[in-house]
1. From Cα pairs below 8 angstrom and at least 6 apart in sequence, can you work out the relative contact order of the range 102-171, rounded to a whole percent?
2. Once every DSSP H run of n ≥ 4 in the chain is given -39500 (n - 2.57) and the sum is divided by its residues, what mean residue ellipticity at 222 nm do you get, rounded to the nearest 500 deg cm²/dmol?
3. If you roll a 1.4 Å probe over the heavy atoms of the protein chains, what accessible area per residue do you get for the range 91-226, in Å²?
4. Projected onto the charge dipole of the range 102-171 (+1 at Lys/Arg Cβ, -1 at Asp/Glu Cβ, origin at the Cα centre), which of Q113, P153, M170 gives the Cα projection farthest towards the positive end?
5. Considering only protein heavy atoms and a probe of 1.4 Å, how much of the accessible area of the chain is carbon and sulfur, as a whole percent?
6. State, as an integer percentage, the relative contact order of the range 1-112 based on alpha-carbon contacts under 8 Å between residues 6 or more apart.
7. So how many Å³ per residue does the convex hull of the Cα atoms of the chain work out to?
8. Between the range 89-149 and the range 32-86, what is the C-alpha centre distance in whole Å?
Amino acid sequence: MGKLLEVKDLAVSFQTYFGEVEAVRGVSFHVDKGETVALVGESGCGKSVTANSIMQLLPMPPAFYKNGQILFEGEDIVKKSDKEMQKIRGNKISMIFQDPMTSLNPTMKIGKQIIEGILKHQKLSRHEAKKKAIEMLELVSVPQPEKRINQYPHEFSGGMRQRVMIALAMVSNPELLIADEPTTALDVTVQAQILDLMKQIQDKLGTAIILITHDLGVVADISDRVIVMYAGKIMEEGTTDEIFKNPKHPYTRKLLGSVPRLDMDRNESLHSIEGTPPDLYRPPKGCPFFDRCDKAMVICKDHMPNKEYHSDSHYSYCWLNHPMAKAADEGSEI
Ligand SMILES: Nc1ncnc2c1ncn2[C@@H]1O[C@H](COP(=O)(O)OP(=O)(O)OP(=O)(O)O)[C@@H](O)[C@H]1O
Ligand SMILES: [Mg+2]
């Protein structure tokens, strides 16, 4: 399968009153046609900035591209004008966000919003667009769509609103759907239903998906590959199987929280990694996870590890994985 999106050494910063925030610091990854790639990591690690860079949705200033390329179908998005970007955004690439209420217009009926979305992308009569809007609601399993199109967003439940958002994102039949924490605001059962729905739509329409979440638990069933980010950098990437069965970075292990290890703390869980991510005003020179890592070595503090491959599809940035790091399993004193 061909590469749909290729992000190469992307660096994005914000110029603030207090100085430069280095939000994304040299991130490279790709997305193939029709696959699902999960972007995971704790709050503030640069997931949304990466996604919004792809969509060119960052406010510039204060944001600015420092380096890198974002190739979509071989063309660099970073270099596109606003006008060119309008043709791509919401058309070839669509995005859904955590809170549908902020994206849906509360004063407009659901049907009208979808119809307008359809008319923006396709030359159809209003009548045809209405028929299509009903079909779209059926696609995302909203019951009684003929009736529902006459209702307002506040008459929908959170899960149903998110389904509407997915329908809206899919009206243009995009090549790539970026879903930024699409289920975080929903309860667990509805979360699973929405992810399941996204998978079904992908199977039907062949859309590639970037799924952004801080919760590794939700990506296992839906994603083909997982990219783990921390402090604006990628720490590890692999197939979902590789990341879950054979995580190589201590941060990934902590995120997983359930990989059996002899030295594992009983209370260690998905959301309780001790300490906080580093300040991105002055990011550390070495491995950014250094001060929270219980396996940290002297070198980690000042030197960023190289990329170490564990298979064709699996790599990590950690000194423990250096071929000469004998102490890999024992760790060593700082
Ligand atoms: N407009 C802004 N001005 C200054 N700094 C910003 C701005 N937007 C984001 N940042 C900073 O960029 C970094 C990355 O933020 P980002 O929103 O990408 O995190 P995230 O991984 O999406 O987190 P979350 O899981 O909380 O959504 C953070 O340190 C954040 O404070
Ligand atoms: Mg975010």
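1. Rounded, it is 44 percent for the range 102-171.
2. -8000 deg cm²/dmol
3. Here the per-residue accessible area is 45 Å².
4. Most positive-ward Cα: Q113.
5. Ligands and nucleic acids excluded, carbon and sulfur give 50 percent.
6. Averaging sequence separation for qualifying contacts and normalising by length gives 30 percent for the range 1-112.
7. Value for the chain: 145 Å³ per residue.
8. The two parts, judged by their Cα centres, are 25 Å apart.
The values are calculated or read from the model by the stated rules, or taken from the named source; none is laboratory data. What you see is a predicted model, and the numbers here were worked out from it, not measured in a lab. Every residue, glycine among them, receives a Cβ derived from its backbone with ideal geometry; neighbour counts consider all protein chains shown. Heavy atoms of the whole protein, side chains included, go into the accessibility calculation; ligands, DNA and RNA do not. Shrake-Rupley method; radii C 1.70, N 1.55, O 1.52, S 1.80 Å.
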